[in-house]
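Here's the structure we're looking at; comments come further down.
The values are calculated or read from the model by the stated rules, or taken from the named source; none is laboratory data. Just so you know, these numbers come straight off a predicted model, no measurement behind them. Counting neighbours? That spans all protein chains shown, and the Cβs are built from the backbone with ideal geometry, glycine included. The protein model used for the area step is the full one, side chains on, heavy atoms only, and it has no ligands, DNA or RNA in it. Shrake-Rupley method; radii C 1.70, N 1.55, O 1.52, S 1.80 Å.
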Amino acid sequence: VSVSDLVDESFKRISEVEGKVQAFLTLDEENARNKAKQLDEKLAGGDSTGILFGMPIGIKDNIVTKGVRTTCASKILENFDPIYDATVMQKLHNAETVMIGKLNMDEFAMGGSTETSHYQRTYNPWNLDYVPGGSSGGSAAAVAAGEVPFTLGSDTGGSIRQPAAYCGVVGLKPTYGRVSRFGLVAFASSLDQIGPITRNVEDNAYLLQAISGVDPYDSTSANLPVPNYVEQLTGDVKGLRIAVPKEYLGEGVQASVRNAILEALKVLEKLGATWEEVSLPHSKYGVATYYLLASSEASSNLARFDGIRYGYRAQGAENLIDLYKKTRSEGFGDEVKRRIMLGTFALSSGYYDAYYKKAQQVRTLIKQDFDKVFEKYDVILGPTAPTPAFKIGAQIDDPLTMYANDLLTIPVNLAGVPGISVPCGFDNGLPIGLQIIGKHFDEATVYRVAHAFE
Ligand code: GLN
């Protein structure tokens, strides 16, 4: 097959299902077809060296793409055409992928259902009455629907893993610092990571390989060698020590989900791994800690959207302050405003010690829980989310219920460790996700376990 054939297939599938799934905000068909032709010429010349040569890929719309509209699913960036590429886009260029388009998401990655997008809903391909999860709902749905085999998402509190779980695909949040954040529109900079969403673990390892590594444009990217992830997918988990936190199978976790995880553990036992129950005692404070810290960072990061520098600008303002106010009132949606207000409050001088500082201290305790468990165990295993996907409209008016879906993914971001979601069963036709959490920069072991289980 030629690259043009692959790209044709992708657009053909999109024309068949996109009307129902609505995963894409922007399709970049002309550029994709031109790129495919270029790569086909290279192929004819025997020069196909990229590790993802010719592979169609979709990109979450909070990753900047030179000359291709990047909205963060917000009205405030409705006509924003970036003048540069994110580092991951440069790396995908080197890997010789073909970008098909930009994917829907919750506005500025704030949400867990893709319903806070200013532009459209995205529907779960397994059952169109259900959400695809979020915030990378478009990225997960596009893979599940067969529109593209590879996508990138971003994960601040679960936004790659939770939609991957709801859509029955594989999604990895890398270790904080593994992948450059340069060109990822910042939500909460101390938590954000870009990561791969794919149909299987091997594809996922290839895509992580392509995007990882230190970057002079991101001082938080780690200067560590990138191992060959694919080579380490040996299928061997003999002697592996698995920790299962009791908090991850306890209250709030639906019985069908708990049972699917216990079945998965049996499979791993058969393959020669052992597991024991452990405790992550501070993980119960994860959701509260995260929503204070992430909102605080967001309130600062989103100050740049003022109607002067980017995107949307309100009409009829009387002076500069009025222009800021009108632009931000009209340009941001309700969930984004809620976070900005919460974050501004938590950071204000009278309350800083009680909220922001306290949350930072609890974050350290949560990280130490992980450190302790990893002294004795190779990976931590549990569900990705307490339930399978929920119905469209069921939680959008109830933020606290929505936030509770992040119970099992958030501690991983707070600790900075890597986590993957892989499919591990169904409940009433809706996929269930298994989460495997690893030590800092030990994505290789996470992949090895996920692959053996697959
Ligand atoms: N659902 C979480 C939130 O709304 C996680 C979002 C994310 O990881 N980007 O903040």
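Just give me the residues in region 79-114 being outside any helix (DSSP H, G or I) and either at pLDDT below 95 or among the hydroxyl-bearing types (Ser, Thr, Tyr) (or both), in sequence order. Within region 79-114, Asn79, Tyr84, Thr97, Ser113, Thr114 qualify. Which numbered condition trips up Ala346, out of (1) open to solvent by less than 20 Å² (accessible area, probe 1.4 Å); (2) under 22 Å from Ser190 (Cβ atoms); (3) under 24 Å from the mean Cα position of the chain (by Cα)? Just one mismatch for Ala346, condition (3). The set of residues in region 410-452 that are in a loop (DSSP other than H, G, I, E, B) and aliphatic (A, V, I, L, M) contains only Val417.
Just the residues that are within 13 Å of the ligand (Cβ to nearest atom) and either within 30 Å of Ser48 (Cβ to Cβ) or hydroxyl-bearing (Ser, Thr, Tyr) (or both), please, taken from region 96-116. If the condition is that a residue be within 13 Å of the ligand (Cβ to nearest atom) and either within 30 Å of Ser48 (Cβ to Cβ) or hydroxyl-bearing (Ser, Thr, Tyr) (or both), then Ser113, Thr114, Thr116 are the ones that fit.
Of Ile436, Ile392, Ile432, Ile410, all but one fail to be within 12 Å of the ligand (Cβ to nearest atom), buried (at least 18 other Cβ atoms within 10 Å of the Cβ) and of a type in the set (A, V, I, L, M, F, W, C); the exception is Ile410. Filtering region 229-257 to residues that are open to solvent by 10 Å² or more (accessible area, probe 1.4 Å), part of a loop (DSSP other than H, G, I, E, B) and of a type in the set (Ser, Thr, Tyr) leaves only Thr234.
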